[in-house]
Amino acid sequence: KAVPPAEVNYQAGGSPLATEPMYQSTNPKAPAMTQAEFDKARQLYFERCAGCHGVLRKGATGKPLTPDITLGKGTDYLKVFIAYGSPAGMPNWLTSGEFDDKTVDMMARYIQHDPPQPPEFGMEQMKATWKVIVPPDQRPKKKMNAYNVQNIFSTTLRDTGEVALIDGDTKKIINIVKTGYAVHISRLSASGRYLYVIGRDAKINMIDLWMEKPDNVAELRVGLEARSVETSKAKGYEDKFAIAGAYWPPQYVIMKGDTLEPMRIVGTRGMTVDKQEYHPEPRVASIVGSHFKPEFIVNVKETGKTLLVNYADVNALKVTEIGTARFLHDGGLDSTKRYFMVAANQSNKIAAVDLKEGKLTQLIDVGKIPHPGRGANFKHPKFGPVWSTGHLGDETISLIGTDPVKNKASAWKVVQTLKGQGGGSLFLKTHPKSTNLYVDTPLNPDPKISQSIAVFDINNLDKGYKVLPIAEWAGIKDGGAMRALQPEYNKAGDEVWVSVWSAKDKQSAIVVIDDRTLKPKAIIKDPKLVTPTGHFNVYNTQHDVY
Ligand code: DHE
């Protein structure tokens, strides 16, 4: 029986839209359903299917499932696909035990009905969710705590709707801050004072790290589902603006940096880069702030466009639209910060975008489903500066030359392909002060691989990797399906934090590795540390050090 590939489980992460009220539009041609069946099927669709097939079923990494297609296929045909899956990556929902016969039949009927459309979320709805908990004039005028703020880590506690602020020096929890559900990423203001986090439910929380006990000072919902938040980093615009990208509705929002007051909402619906066809729900994936121009780099997934949004005049936004490749997901800056490297994951490509010239430099073919996080920059002993990515779909790590001046022959090419532990990799990391490259594999089906991290010596890449048994070091007896993920350095670049993500009702941990000896240095365990996933060091995130 077919096991769904890692990337299918990854996409089916659950959408908060499952609980939004939406109404059945009766299509007389579609097979009958009761309202109760329709509601149940809609919820299952948003929990399990929308990640790949899209909210409006126009297709993304999965096939389109609109009634013009599904009605022609009919219930019996659709049931076979849902039950047994396909070699193209569709999971086998019946034989895997996830759905019973009745559910398979219900889902086959559901997808022949018109897709219910979730509501829009404009300025009025946004303003209704906006709260300034501590206004700017009532905030501290200087740092009121003794923490080494630049070495604080913000850790997502995925299933409790919180982030843990952890002191990187003492490894003690400073505060557990209430946030939206399943915070996806944390980013810092240019000064490093404010921390912004965004939940899967599109709620942004803004935390002031100068407070005696750092906590929320403002919050806002920018839509119904989202993954990205970032801040203005250019000279003269420090701490001035924040931006968030939403999955639903497909839009990005520019806010005031000190209060989160929403200023401009821009929709991303439009034409795809390749077939030039209209797409009704192009989700906003990664966003990065340029360090030397007043620009946000906004990546639009389904249309395959990288937007350089110039925020110098928010009332007259200048947007440079660069066609890159479809299914843009995550990415980061090269070591000079001039180039942005973004993974087009289902296209198996990395796009290198020149932020100075405002154009596409090169599309580079890499392995199957690249997934870099923000990637890892280091100086290759032979090829000079490289940026690297691991892959969800295979065991390789691609190293791409990023220096077109002194290492022209290597620039924008895969100069070396490393072999890691296996597929299912999400994140890799190094640091300018380190000579190690850490590669995780949390979605690999083999627990030995998903619970450990591979470390390469940058000066001896041909030698292969050393395996660090992270979950074993954490000493958790029964964590359920434990996964070791997202290596992140401290400010000094001499230790690396890795999450051990267990089930919600089981013990989790963060393992801190000594980067020189590759031995565990500290194990952070606390009953409050529930389902830790991503973690972000203040200094490294603020300065894009990775
Ligand atoms: Fe992520 C980054 C979207 C599942 C942990 N994830 C990102 C980014 C996007 C994204 C668009 C880039 C943001 C940026 O840089 O501005 N992630 C998605 C999904 O759509 C997906 C596939 C399915 C979903 O339903 O959310 C998904 N992601 C996951 C997980 O299952 C992970 C492992 C655990 C979790 O907390 O949900 C996860 N994603 C992360 C992390 C980052 C991230 C830790 C930031 C990495 C970094 O170093 O920058």
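Readers should treat all values here as calculations from the given coordinates under stated rules, not as data from a laboratory. In this text the structure is predicted, and so the values were computed from the model without any measurement. Cβ: placed from backbone, ideal geometry, glycine included. Neighbour counts: every protein chain shown.
Side notes on the structure shown:
- Unmet criterion (only one of (1) surrounded by 18 or more Cβ atoms within 10 Å (Cβ to Cβ); (2) over 20 Å from the mean Cα position of the chain (by Cα); (3) more than 28 Å from Lys275 (Cα to Cα); (4) of a type in the set (Ser, Thr, Tyr)) for Ser388: (2)
- Note on segment 178-189: among residues that are outside any strand (DSSP E or B) and within 14 Å of the ligand (Cβ to nearest atom), the one that is farthest from the chain's Cα centre (by Cα) is Thr179.
- Remark: pairs (first residue in segment 232-254, under 26 Å from Arg283 (Cβ atoms); second residue outside any loop (DSSP other than H, G, I, E, B) and of a type in the set (Asp, Glu); Cβ separation under 6 Å; 6+ apart in sequence or on different chains) = Ile243/Glu230; Tyr247/Glu225; Trp248/Glu225.
- Listed by first and then second residue, the pairs linking a residue in segment 50-62 that is hydroxyl-bearing (Ser, Thr, Tyr) to a residue that is not in a helix (DSSP H, G or I), with Cβ atoms under 7 Å apart and 6 or more places separating them unless they lie on different chains, are Thr61/Phe327.
- Residues that are within 16 Å of the ligand (Cβ to nearest atom) number at least 3 in the following helices (runs of 4 or more DSSP H) confined to segment 1-85: 6-11, 50-53.
- Among the strands (runs of 3 or more DSSP E) confined to segment 190-247, the ones with at least 3 residues that are in contact with a strand residue (DSSP E or B) (Cβ under 8 Å, 6 or more places away or on another chain) and within 16 Å of the ligand (Cβ to nearest atom) are located at 194-198, 203-208, 225-231.
- For Gly367, the stated conditions do not hold, so it cannot be described as touching a residue at least 40 places away in the same chain (Cβ under 8 Å), within 16 Å of the ligand (Cβ to nearest atom) and either in a loop (DSSP other than H, G, I, E, B) or within 24 Å of Gln542 (Cβ to Cβ) (or both).
- Strands (runs of 3 or more DSSP E) enclosed by segment 448-492 - at least 3 residues per element that are more than 24 Å from the chain's Cα centre (by Cα): 465-468
- Number of the condition not met by Asp544 [criteria: (1) on the phi > 0 side of the Ramachandran plot; (2) more than 16 Å from the ligand (Cβ to nearest atom)]: (2)
- Each residue in segment 410-434 was checked for being more than 16 Å from Tyr339 (Cα to Cα), in contact with a strand residue (DSSP E or B) (Cβ under 8 Å, 6 or more places away or on another chain) and free of Cβ contacts under 8 Å to residues at least 40 places away in the same chain, and 1 of them qualify.
- Residues that are in contact with an Asp or Glu (Cβ under 8 Å, 6 or more places away or on another chain), away from the ligand (no atom under 16 Å from the Cβ) and under 15 Å from Tyr489 (Cβ atoms) within segment 435-463 comprise Thr435, Asn436, listed in sequence order.
- Some residue of segment 312-325 being closer than 19 Å to Gln276 by Cβ, among the hydrophobic types (A, V, I, L, M, F, W, C), more than 12 Å from the ligand (Cβ to nearest atom) and surrounded by fewer than 16 Cβ atoms within 10 Å (Cβ to Cβ): yes
- Number of the condition not met by Pro442 [criteria: (1) free of Cβ contacts under 8 Å to residues at least 60 places away in the same chain; (2) within 22 Å of Thr306 (Cα to Cα); (3) assigned to a loop (DSSP other than H, G, I, E, B)]: (2)
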